[in-house]
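Worksheet: the structure to be examined is printed underneath.
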Amino acid sequence: MASDLPTGSSRGGTDAPPRDESAAAIIQRLAANFAALARAYADLAQDEARATVRGIVRGLVCIGVAAVIGVYAVGLMLLTVVRLLALAVPPWLAALITFAGTVVVIAVLVAIGIRGFTLRHLHAVAAQVRSDIQWLRHEILKNI
């Protein structure tokens, strides 16, 4: 990249055009420098995008593996509960009690999740949009 750019003169590192260089040559040189700079920025943006995508993919893979291990961990925890309850009650009853408790936990989590899908924020935005449209309509009619 840097080899595409013109080198500086011995006077302070600035590019001083020769006195006999025409305006067309100066514009052509500026265009070439701008093109080289644009290519450098494009290459940098491409490298940054690749690094970002690699990081996202790596993160998603780790989260996926953690989710699979988490499912097994929950299963093992429930098996442990069944085995502990089986010390006090018949094994079938221990499994049934654990199953019922799991269903209750799932129902509570689903209810909390459904409550999170309310549209109250969306209603506030819609009310603001209606108010803005009414104001705009008033301003337009006022200036007619």
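The values are calculated or read from the model by the stated rules, or taken from the named source; none is laboratory data. Just so we're clear, the structure is a prediction, and the values are computed from it rather than from any experiment. Because the Cβ atoms are built from the backbone with ideal geometry, glycine has one as well, and the counts that use them run over all protein chains shown.
The table below lists the values:
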item	result
Leu84 touching a Phe, Trp or Tyr at 6+ places or on another chain (Cβ under 9 Å), surrounded by 10 or more Cβ atoms within 10 Å (Cβ to Cβ) and not small (Gly, Ala, Ser)	no
Residue list for segment 96-144, restricted to those being loosely packed, with under 10 Cβ neighbours inside 10 Å and of a type in the set (Ser, Thr, Tyr)	Thr118
Test: Leu60 is exposed (fewer than 10 other Cβ atoms within 10 Å of the Cβ) and either assigned to a helix (DSSP H, G or I) or at pLDDT 90 or above (or both)	no
Residues of segment 32-78 satisfying the condition of being within 30 Å of Ala95 (Cβ to Cβ) and either in contact with a helix residue (DSSP H, G or I) (Cβ under 7 Å, 6 or more places away or on another chain) or basic (Lys, Arg) (or both)	Leu78
